[in-house]
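The values are calculated or read from the model by the stated rules, or taken from the named source; none is laboratory data. Remember, predicted model here, so these are calculated numbers, not experimental data. Every residue, glycine among them, receives a Cβ derived from its backbone with ideal geometry; neighbour counts consider all protein chains shown. Each accessible area value is taken on the protein alone, full model and side chains, heavy atoms only, with ligands, DNA and RNA left out. Shrake-Rupley method; radii C 1.70, N 1.55, O 1.52, S 1.80 Å.
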Amino acid sequence: MSRVAVIVPTLRRPEGLASALASLVAQEGVADVPGEIVVVDNDREPSARAVTERFQGQALPVVYVHEPTVGVASARNAGLAATDAPLIAFLDDDEIASPGWLAALLATQANIGADVVFGPIRGQTPEAPADVRPYLEEFFGRAGPKSDALIDHPFGCGNSLMVRATALPGPAPFEVRWDQSGGEDDALFAALSARGGRYGWSAGAWVDEVAPAHRANLGYALSRAFAYGQSPSQAAWGRRDMVGVIKWMAVGAVQLVGWSVIALPLTLLRRPGRARALDRAARGLGKLLWMPGLEPRFYGASELQRLDRAVT
């Protein structure tokens, strides 16, 4: 069995990190699998060291890495630099892995031979307003086939297993220009798809994602939906595919107008369906306003500034 490293980037989320690590050291069915857990502390100061040290000395070694350059791509690259494992799994610090999570990912990859394997996510938003909670839990969740299978599109890095040689080429495969906005995984997977990479789904590799209060609200979700909408237009621009850019902008215009017409009365009447309609409209707007410099900032310095304000 090949060695596997589970990389957990974290930024000032001690409770979430502790829950993620507790779920990892309790994994079942991987006693004979060599590997380690790599915690990447992405704070300017090593704020996650104490939490990480509580989990060291386990059967699965826990490695601590401090990456003071704050940004999601820099954190992922730092985790990769700390291990030479040929298989790399990613778990976010707001995710809690089910007991058979890693075993399921490994089994699926061995069986279907995909370069990247993704698993399902149950979104949890206990602090969200009741009327938008179903939408938000679906938004932060991830669904897929009911059984293991090859799939035709990628998801995000959280809850994934990658073959390093094919999916993560070079010493720093995540582009640091996406440090502040996210999208580093979209760029990675776009390049992998261009090389003929294959994606798989592991139906048994469940994780729970617990959205904190500052994310478990409609405003945050719609800003993320806008950013998701930008991705296809930005990807076409990155390929210098102007026909593709025009196509996605046209799709966005239709999506924006159509869903805005639906969203307006639902919003005025405070109907539950308004959240999903606004989500679709925001994604349409993102396809139109995809230009560099218009990306919302969710990570890195922006997140650190929000945390600094919360302390003061």
Exercise for review: Output the qualifying pairs, or none if there are none: Cβ atoms under 6 angstrom, residues six or more apart or on different chains, first residue in the range 213-227 and touching a residue at least 12 places away in the same chain (Cβ under 8 Å), second residue hydroxyl-bearing (Ser, Thr, Tyr) and open to solvent by less than 30 Å² (accessible area, probe 1.4 Å).
Suggested key: ALA216/THR125
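Out of GLY238, GLY273, I need the residue that is modelled with pLDDT under 95, of a type outside the set (A, V, I, L, M, F, W, C), closer than 26 Å to ALA190 by Cβ and surrounded by fewer than 17 Cβ atoms within 10 Å (Cβ to Cβ). Which one? Walk me through how you get there before you give the answer.
Numbers: GLY273 fails: closer than 26 Å to ALA190 by Cβ.
Step by step, each of GLY238, GLY273 is checked, and only GLY238 is modelled with pLDDT under 95, of a type outside the set (A, V, I, L, M, F, W, C), closer than 26 Å to ALA190 by Cβ and surrounded by fewer than 17 Cβ atoms within 10 Å (Cβ to Cβ).
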Exercise for review: Examine the range 74-86 for a residue that is open to solvent by 20 Å² or more (accessible area, probe 1.4 Å), within 24 Å of GLY183 (Cα to Cα) and acidic (Asp, Glu), and state whether such a residue exists.
Suggested key: no
Exercise for review: Give the range 203-226 a look and list any residue that's open to solvent by 20 Å² or more (accessible area, probe 1.4 Å), assigned to a helix (DSSP H, G or I) and out of contact with any Leu (no Cβ under 7 Å at 6 or more places or on another chain), or say none.
Suggested key: LEU218, GLY219, TYR220, SER223, ARG224
Point to revise | Near pairs, Cβ below 7 angstrom, 6+ apart or cross-chain, from the range 263-275 (closer than 13 Å to PRO129 by Cα) to any residue that is in a loop (DSSP other than H, G, I, E, B) | key: PRO272/ASP131; ALA275/VAL132
Review point. Could you say which residue among ALA85, ALA89, ALA73, ALA103 is modelled with pLDDT of 95 or more and assigned to a helix (DSSP H, G or I)?
Key: ALA103
Exercise for review: Any chance you could count how many residues in the range 77-124 are of a type in the set (Asp, Glu) and either over 18 Å from the mean Cα position of the chain (by Cα) or more than 25 Å from HIS66 (Cβ to Cβ) (or both)?
Suggested key: 2
